[in-house]
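Q: A single structure is presented below for examination.
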Amino acid sequence: MHRPLIIALDFPSLSDAKGFLTDFGKEQLFVKVGMELYYQEGPSVIQFLKEQGHLIFLDLKLHDIPNTVYSSMKRLAELGVDLVNVHAAGGRKMMEAAREGLEAGTALGQSIPKCIAVTQLTSTTENVMRSELLIERNLLDVVVEYAALTKKSGLDGVVCSSLEVPVINNRLGTEFMTVTPGIRQASDAVGDQARVVTPEKARELGSTAIVVGRSITRANDPLQTYKQMKAAWEGVQV
Ligand code: C5P
């Protein structure tokens, strides 16, 4: 799917996620399954979503020794998901192991899942990075350096704020994926996201994909809101 809008299925159970998806009928979606839903339901949630024809970003943010990440990624590739992620802070060997695990777990003739890295969590401020993580650099530099390490390690892109995309694209090229949460319609409540942009702005800034959760999942009319936000993201007039 070219430049997808990924819906974050942040629900406590598969039955809640199914309830939400009913409105969408047969529409093929790109959905994100995070820790909450996956830890509750396990692989059966992935199996269900695949049977419905949806593309899947399994957002488990792996961060462990290379050997463990290798074998875990092998298992995730066997599930047939389309996109997975790790923490870049795990380092180059860990990220290379992630890639190798995904290759090893992909059945012949299937596409290898794309793998992206989290640079710094959006909840980490520069102050926290300096005082708790003991990284004495400016936050944007760290994000861009971690993104460069991700690319060197053979991964496909990063999760980042849309506001960081121009600098990342400039340094690493537009083929390197930038998957950006923190998206709101102009009329929405911001919630706990500190820095948010509209789908139109994310497109202007050059994001490869946007991740939208509450703006759609908590909308009065989720399908209508999805269509509006998708059209805005794709630059289509409705
Ligand atoms: O509801 P909202 O649109 O804020 O949801 C954003 C989704 O993206 C959530 O699933 C959240 O966990 C995820 N995310 C994020 N910031 C990151 C990485 C992931 O908001 N840096």
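The values are calculated or read from the model by the stated rules, or taken from the named source; none is laboratory data. Only a predicted model underlies this, so the values are computations on that prediction, with no experimental measurement involved. Quick reminder, even Gly has a Cβ in these numbers, built from the backbone with ideal geometry, and neighbours come from all protein chains shown. In case anyone asks, the SASA skips ligands and DNA or RNA and just uses the protein heavy atoms, side chains included. Shrake-Rupley method; radii C 1.70, N 1.55, O 1.52, S 1.80 Å.
Q: For the chain, with every protein chain kept in place, what is the accessible area per residue (1.4 Å probe, Å²)?
A: 49 Å²
Q: Taking the simple approach of a point 7 Å from Cα along Cα-to-Cβ for both Lys93 and Phe24, what is their distance in nm?
A: 4.0 nm
Q: Any idea how far apart Tyr39 and Ser15 come out in nm if each label point goes 7 Å out from Cα toward Cβ?
A: Result for the modelled spin labels: 2.1 nm.
Q: Mean-square fluctuation check for the chain, GNM, Cα pairs under 10 Å: which of Pro199, Pro43, Pro113 is largest?
A: Maximum fluctuation in the GNM of the chain, among the listed residues, is at Pro43.
Q: On a full-extension model of 0.36 nm per residue, what is the gain between Arg218 and Asp141, subtracting their alpha-carbon distance, rounded to one decimal in nm?
A: Working: separation 77, 0.36 × 77 = 27.72 nm, distance 3.46 nm.
Net length gain for the segment: 24.3 nm.
Q: Another question, then. Order 225-232, 127-134, 65-72 from most to least packed using the mean count of other Cβ atoms within 10 Å. Don't skip to the end; give the middle numbers.
A: Values: 225-232: 19.0, 127-134: 11.8, 65-72: 16.8.
The densest-packed peptide leads the list: 225-232, 65-72, 127-134.
Q: In percent, what relative contact order does the chain have, based on Cα pairs under 8 Å that are 6 or more apart in sequence?
A: Values: 422 pairs, mean separation 41.6, N = 238.
Taking the mean separation of contacting Cα pairs over the length of the chain, I get 17 percent.
Q: Can you work out the Karplus-derived ³J(HN,Hα) for every residue in the range 227-232? Use 6.51 cos²θ - 1.76 cosθ + 1.60 with θ = phi - 60°, whole Hz, and x for glycine or proline.
A: 4, 5, 5, 5, 5, 5
Q: For the range 112-221, just say rounded, prolate or oblate: build the C-alpha gyration tensor, square-root its eigenvalues into a ≥ b ≥ c, call rounded for a/c under 1.5, and beyond that prolate if a/b exceeds b/c, oblate if not. Display every interim value, and only then the final one.
A: Details: a/c = 1.97, a/b = 1.30, b/c = 1.52.
It is oblate, given that a/c is not under 1.5 and a/b is not larger than b/c.
Q: Follow-up question, since we're still on this one. Helix-derived [θ] at 222 nm for the chain: sum -39500 (n - 2.57) over DSSP H runs of at least 4, divide by residue count, nearest 500?
A: Working: 11 runs with 104 residues, N = 238.
Mean residue ellipticity, 222 nm, calculated: -12500 deg cm²/dmol.
Q: Out of Gly109, Gly80, Gly173, any idea which swings most in a Gaussian network model of the chain, alpha carbons joined below 10 Å?
A: It is Gly109.
Q: Okay, moving on. About the Cα centre of the chain, how large is the charge dipole given +1 on each Lys and Arg Cβ and -1 on each Asp and Glu Cβ? Please answer in debye to the nearest 20. Please report the intermediate quantities before stating the final value.
A: Working: 25 positive and 28 negative charges, 59 e Å.
Dipole of the chain, to the nearest 20 debye: 280 debye.
Q: Relative contact order for the range 55-99: what percent, with Cα pairs under 8 Å and sequence separation of 6 or more? Mind showing how you got there, number by number?
A: Numbers: 57 pairs, mean separation 24.8, N = 45.
The normalised contact order for the range 55-99 reaches 55 percent.
Q: For Val31, enumerate residues with amide H under 5 Å from its amide H, sequence gap 5+ or separate chain, H modeled in the peptide plane.
A: Ile7, Leu55, Ile56, Phe57
Q: Something else: Averaged over every viewing direction, what's the projected area of the C-alpha convex hull for the chain? Give it in nm², one decimal, please.
A: Numbers: hull surface 51.6 nm².
Average projection, Cα convex hull of the chain: 12.9 nm².
Q: Ok, one more. Given the pairs Lys50/Lys230; Lys114/Lys201; Lys18/Lys201; Lys61/Lys152; Lys18/Lys61, which are separated by over 27 angstrom at their Cα positions? Mind dumping the intermediate values first?
A: Working: Lys50/Lys230 21 Å; Lys114/Lys201 25 Å; Lys18/Lys201 31 Å; Lys61/Lys152 19 Å; Lys18/Lys61 24 Å.
In this structure, Lys18/Lys201 exceed 27 Å between Cα atoms.
Q: In nm, what is the difference between 0.36 nm times the number of residues separating Glu78 and Leu121 and their Cα-Cα distance?
A: Once the chain is fully extended between Glu78 and Leu121, it gains 12.7 nm.
Q: Rank Met129, Ala117, Gly182 by how far each Cα sits towards the positive end of the charge dipole of the range 5-234 (+1 on Lys, Arg Cβ; -1 on Asp, Glu Cβ) and give me just the farthest.
A: Farthest towards the positive end: Ala117.
Q: Let me ask you something else. Using protein chains only and a probe of 1.4 angstrom, how many square angstrom of Glu96 are accessible, to the nearest 10?
A: Its heavy atoms expose roughly 60 Å² to the probe.
Q: Using a 1.4 angstrom probe on heavy atoms only, work out the carbon and sulfur share of the accessible area of the range 5-234 in %. Show your work: numbers first, answer last.
A: Details: 5270 of 10980 Å².
Of the solvent-accessible surface of the range 5-234, carbon and sulfur hold 48 percent.
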